[in-house]
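Novice: Submitted below is the structure of interest, expressed as structure tokens.
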Amino acid sequence: MTSVNDIPGAIAPLDNAAMARARQRLDSLVKPPGSLGRLETLAIQLAGIRGSDRPLQFPQKEIVVMAADHGVWQEGITPSPQVVTAIQANNILRGVAGVNVMAKTAGARVTLVDTGIIGGPVAGAVDCHQGQGSANIAVGPAMNRAQAEAIILWSVRWVAAQVAQGLDLLGVGELGMGNTTPAAAVICAVTGQPPEEVVGLGANLPPEQLGHKVAVVQRALATNQPDAQDGIAILAAVGGFELAAMSGAILGAAAAGIPVVLDGYLSYASALAACLIAPAARDYLIPSHRSAERGSQLALAHLQLRPYLDLSMRLGEGSGAALAFTLVDAACAMHNDMATLAECNIQL
């Protein structure tokens, strides 16, 4: 992969024959047809991605946490100190953060990528450090287009390298104080929804300050005027380093032929941009949960995706994706191991 222009052509369509075989098998299992609901739909999608219907399995799982700081933090859009990004990055590296404990229950490893943490590069993290946080989108672009393209391409190649080493299933997460503001701006830019419908409280912003955050996003959109049809331009104008990196990871997973589990609000914003760059990537997406952050449903509706879980979560880090890994395992177990009606001597 030498250019982001190569990405769309590298993404194969889902295997319709494998999906048809999976659907036929599911209908033959010892249960009423369709009685396991969306678990069956998930198994069919996984068969289409894998290109085979049995055995269906994704044993090597990984959550990649893209971490960065944002210049828009200076606008007072979060009560969290900016240094928390670096502190929590080290907690992830130590294995004691929320995503670590959730991933452990799913048998998944966690990788932290420093795409622009202030004070970094962070020792122990995978190094894609682009600088001391992206620029303040309220006064100018987060980065230039060339930098956005470089981050996306780096992530595509990184995922390809993991797949070459056996990775079967990728989850994307993020870390960065103030990053729900650029995520909201990206969602607004892609969907055309007004900021007052998209912007939420993020990490415990006092409700009386929500209007200020909405105004910051309005200013970012007015200042940068991103092209709604150009995913790279949107990420460069009003996104951030970790948002671009997540978009690249999504595209990299699709190009490598593996499913990618989205985490929540930030990953939905990145998926919107990724699907503008390569629309075929959408078929590889598994939306984990309904984020408590306002605007997440607008992003999912635009992607025509329904989340599998609704737990009022808003931690980020990839925690929701880790929980959804267990649903992938369940869908595979159902498909692979349930007996058929014929095997149980049941005739309908």
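Novice: For ARG54, all conditions in the list (1) open to solvent by less than 50 Å² (accessible area, probe 1.4 Å); (2) modelled with pLDDT under 95 hold save one; what is the number of the exception?
Specialist: The one condition ARG54 does not meet is (1).
Novice: Further question on the same structure: Return yes when SER291 is among the polar types (S, T, N, Q), over 22 Å from GLY166 (Cα atoms) and part of a helix (DSSP H, G or I) and no when it is not.
Specialist: Numbers: among the polar types (S, T, N, Q): yes; over 22 Å from GLY166 (Cα atoms): yes; part of a helix (DSSP H, G or I): no.
In short, no.
Novice: Among SER291, SER267, which is the only one that is at pLDDT below 95, surrounded by 24 or more Cβ atoms within 10 Å (Cβ to Cβ) and under 30 Å from GLY131 (Cβ atoms)?
Specialist: Numbers: SER267 fails: at pLDDT below 95.
Result of the check over SER291, SER267: SER291.
Novice: Taking the residues in the stretch 205-250 that are farther than 20 Å from TRP154 by Cα and among the acidic types (Asp, Glu) as candidates, determine which candidate is surrounded by the most Cβ atoms within 10 Å (Cβ to Cβ).
Specialist: Ranking the qualifying residues of the stretch 205-250, first place goes to ASP227.
Novice: Can I ask one more? Is at least one residue of the stretch 316-338 outside any helix (DSSP H, G or I), open to solvent by 30 Å² or more (accessible area, probe 1.4 Å), not acidic (Asp, Glu) and not assigned by the TED database to the domain that holds ALA254? Give the derivation first.
Specialist: The initial filter retains those residues of the stretch 316-338 that are outside any helix (DSSP H, G or I), namely 316-318, 338.
Within this subset, residues satisfying the condition of being open to solvent by 30 Å² or more (accessible area, probe 1.4 Å) are 338.
Add one more test, that the residue is not acidic (Asp, Glu), and what stays is 338.
This time we only want the ones that are not assigned by the TED database to the domain that holds ALA254, so: 338.
Yes: the stretch 316-338 contains one or more residues that are outside any helix (DSSP H, G or I), open to solvent by 30 Å² or more (accessible area, probe 1.4 Å), not acidic (Asp, Glu) and not assigned by the TED database to the domain that holds ALA254.
Novice: Does the stretch 216-230 include one or more residues that are of a type in the set (D, E, K, R) and not in a helix (DSSP H, G or I)?
Specialist: Step one: of the stretch 216-230, the residues of a type in the set (D, E, K, R) are 219, 227, 230.
Within this subset, residues satisfying the condition of being not in a helix (DSSP H, G or I) are 227, 230.
Looking through the stretch 216-230, at least one residue is of a type in the set (D, E, K, R) and not in a helix (DSSP H, G or I).
Novice: One residue is enough: does the stretch 1-8 have a residue meeting the conditions β-branched (Val, Ile, Thr), within 30 Å of ARG145 (Cβ to Cβ) and part of a helix (DSSP H, G or I)?
Specialist: So in the stretch 1-8, the residues β-branched (Val, Ile, Thr) come out as 2, 4, 7.
With within 30 Å of ARG145 (Cβ to Cβ) added as a condition, the list becomes 2, 4, 7.
Remaining after also requiring part of a helix (DSSP H, G or I): 4, 7.
The answer is yes, given that some residue of the stretch 1-8 is β-branched (Val, Ile, Thr), within 30 Å of ARG145 (Cβ to Cβ) and part of a helix (DSSP H, G or I).
Novice: Residue check: is VAL72 aliphatic (A, V, I, L, M), under 28 Å from ILE152 (Cα atoms) and touching a Pro at 6+ places or on another chain (Cβ under 7 Å)? Even if it seems obvious, please write down each step before you answer.
Specialist: Numbers: aliphatic (A, V, I, L, M): yes; under 28 Å from ILE152 (Cα atoms): yes; touching a Pro at 6+ places or on another chain (Cβ under 7 Å): yes.
It is true that VAL72 is aliphatic (A, V, I, L, M), under 28 Å from ILE152 (Cα atoms) and touching a Pro at 6+ places or on another chain (Cβ under 7 Å).
Novice: Out of ALA184, ALA125, ALA203, ALA97, I need the residue that is modelled with pLDDT under 95, out of contact with any His (no Cβ under 7 Å at 6 or more places or on another chain), under 26 Å from VAL72 (Cα atoms) and in the same structural domain as ILE232 (by the TED database). Which one?
Specialist: Numbers: ALA184 fails: modelled with pLDDT under 95; ALA125 fails: modelled with pLDDT under 95; ALA97 fails: modelled with pLDDT under 95.
Answer to the selection: ALA203.
Novice: List every residue pair whose Cβ atoms lie under 6 Å apart, where the two residues are 6 or more positions apart in sequence or sit on different chains, the first residue falls within the stretch 299-325 and is among the polar types (S, T, N, Q), and the second residue, located anywhere, is part of a helix (DSSP H, G or I).
Specialist: The qualifying pairs are SER319/GLY98; SER319/VAL99; SER319/MET102.
Okay, residues lined up against (1) within 15 Å of the chain's Cα centre (by Cα); (2) under 29 Å from ARG25 (Cβ atoms); (3) among the hydroxyl-bearing types (Ser, Thr, Tyr):
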residue	(1), (2), (3)
LEU272	yes, no, no
ALA281	yes, yes, no
ARG294	no, no, no
PRO307	yes, yes, no
ARG314	yes, no, no
SER319	yes, no, yes
LEU323	yes, yes, no
LEU327	no, yes, no
HIS335	no, yes, no
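Novice: A further question follows. So how many residues does the stretch 82-118 have that are farther than 30 Å from PRO59 by Cβ, open to solvent by 70 Å² or more (accessible area, probe 1.4 Å) and assigned to a loop (DSSP other than H, G, I, E, B)?
Specialist: Of the residues in the stretch 82-118, 2 are farther than 30 Å from PRO59 by Cβ, open to solvent by 70 Å² or more (accessible area, probe 1.4 Å) and assigned to a loop (DSSP other than H, G, I, E, B).
Novice: Identify all residues within the stretch 9-39 that are part of a loop (DSSP other than H, G, I, E, B) and either out of contact with any Ser or Thr (no Cβ under 7 Å at 6 or more places or on another chain) or surrounded by 15 or more Cβ atoms within 10 Å (Cβ to Cβ) (or both); write none if there are none.
Specialist: Residues of the stretch 9-39 that are part of a loop (DSSP other than H, G, I, E, B), as a first pass: 11-15, 30-37.
Residues satisfying the conditions are ILE11, ALA12, PRO13, LEU14, ASP15, LYS31, PRO32, PRO33, GLY34, SER35, LEU36, GLY37.
Novice: If you don't mind, another one. When residues of the stretch 297-311 are filtered for being in contact with a His (Cβ under 9 Å, 6 or more places away or on another chain) and either over 27 Å from ALA12 (Cβ atoms) or surrounded by fewer than 17 Cβ atoms within 10 Å (Cβ to Cβ) (or both), how many remain?
Specialist: First, pick out the residues of the stretch 297-311 that are in contact with a His (Cβ under 9 Å, 6 or more places away or on another chain): 307-311.
Still in the running and either over 27 Å from ALA12 (Cβ atoms) or surrounded by fewer than 17 Cβ atoms within 10 Å (Cβ to Cβ) (or both): 309-311.
The qualifying residues number 3.
Novice: It is to be established whether one or more residues within the stretch 135-150 are closer than 30 Å to ASP329 by Cβ, over 21 Å from the mean Cα position of the chain (by Cα) and touching a residue at least 24 places away in the same chain (Cβ under 8 Å). If you could, list the steps in order and put the result at the bottom.
Specialist: So in the stretch 135-150, the residues closer than 30 Å to ASP329 by Cβ come out as none.
Checked the stretch 135-150: no residue is closer than 30 Å to ASP329 by Cβ, over 21 Å from the mean Cα position of the chain (by Cα) and touching a residue at least 24 places away in the same chain (Cβ under 8 Å).
The values are calculated or read from the model by the stated rules, or taken from the named source; none is laboratory data. Treat the numbers as computed from the prediction; the structure is a model and nothing was measured. When we count neighbours, we look across all protein chains shown, and the Cβ atoms used for this are built from the backbone with ideal geometry, even at glycine. Surface areas here come from the heavy atoms of the whole protein model, side chains and all, with no ligands, DNA or RNA. Shrake-Rupley method; radii C 1.70, N 1.55, O 1.52, S 1.80 Å.
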